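Comments concern the structure below.
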Amino acid sequence: MFSEERVTQMAAYFLIESGRRIAYIKLLKLLYLAERKALAKWGSSMSGDRFVSMPHGPVLSQTYDLIRGHQSEPSYWQTCIKDEENYEVSLEQTITVDDLDELSRSELRILGEVFAEFGHMSRFEIVNYTHDHCEEWADPNGSSFPIKPESILRAVGKDESQISQLLAKFREDSQLDIVRAALR
């Protein structure tokens, strides 16, 4: 189940590492690559978002809506992250890594690994990287369509047995998220 709080804190991590301001398309790619890495490692998503192919590469669907301002009422995202000119976003000044209490140390480690590998890329370099190296992405010709978790797992080199195990974990986590949401 999608967690706006968790994806906001994931975005905040990348914004802190980037000097508190970043092109939103680069942020979307960093978030996607982190979720892709988590899925490949654990068979679970950090944010609970859906993977989709869009013209500029793979993204997280609901996160894309947040970054584009497609929410009807004030949100946690808007209290932490604000739009800037030149298709960029910035982080509210008082947030530090210590405030990212929705994320585990293992999740922060994945975010750190992704930033170490891709954080130096420009917005268009990382877009091109996802086009060239994320085999699960296919050009939707101006539209969008879902990317199945098993497509990602195949693209990162998992065999069918590993895919089966990781998908079982993914489905189990999804069911637990539904139960947790009902208990709130």
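The values are calculated or read from the model by the stated rules, or taken from the named source; none is laboratory data. This one's a predicted model, so the numbers in the text were calculated from it and none came from an experiment. Note that we place each Cβ from the backbone using ideal geometry, even for glycine, and neighbour counts take in every protein chain shown. In case anyone asks, the SASA skips ligands and DNA or RNA and just uses the protein heavy atoms, side chains included. Shrake-Rupley method; radii C 1.70, N 1.55, O 1.52, S 1.80 Å.
Overview of values
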| item | result |
| --- | --- |
| Computed P(r) (all Cα pairs; segment 3-89; 5 Å bins; percent) | 3, 14, 28, 27, 19, 8, 2, 0 |
| Principal semi-axes in Å for segment 40-90 [√(5λ), Cα gyration tensor, largest first] | 22, 15, 11 |
| Theoretical ellipticity at 222 nm over the chain - DSSP helices of four or more residues, -39500 (n - 2.57) apiece, nearest 500 | -17500 deg cm²/dmol |
| All-pairs Cα distance distribution in the chain, expressed in whole percent, bin size 10 Å | 9, 38, 39, 13, 1 |
| Per residue accessible area in Å² of the chain, where ligands, DNA and RNA are left out and the probe is 1.4 Å | 52 |
| Neighbourhood net charge (12 Å Cβ-Cβ; Lys/Arg +1, Asp/Glu -1) for Q162 | +1 |
| Carbon and sulfur %, accessible surface of segment 60-161 computed with the full protein complex present, 1.4 Å | 45 |
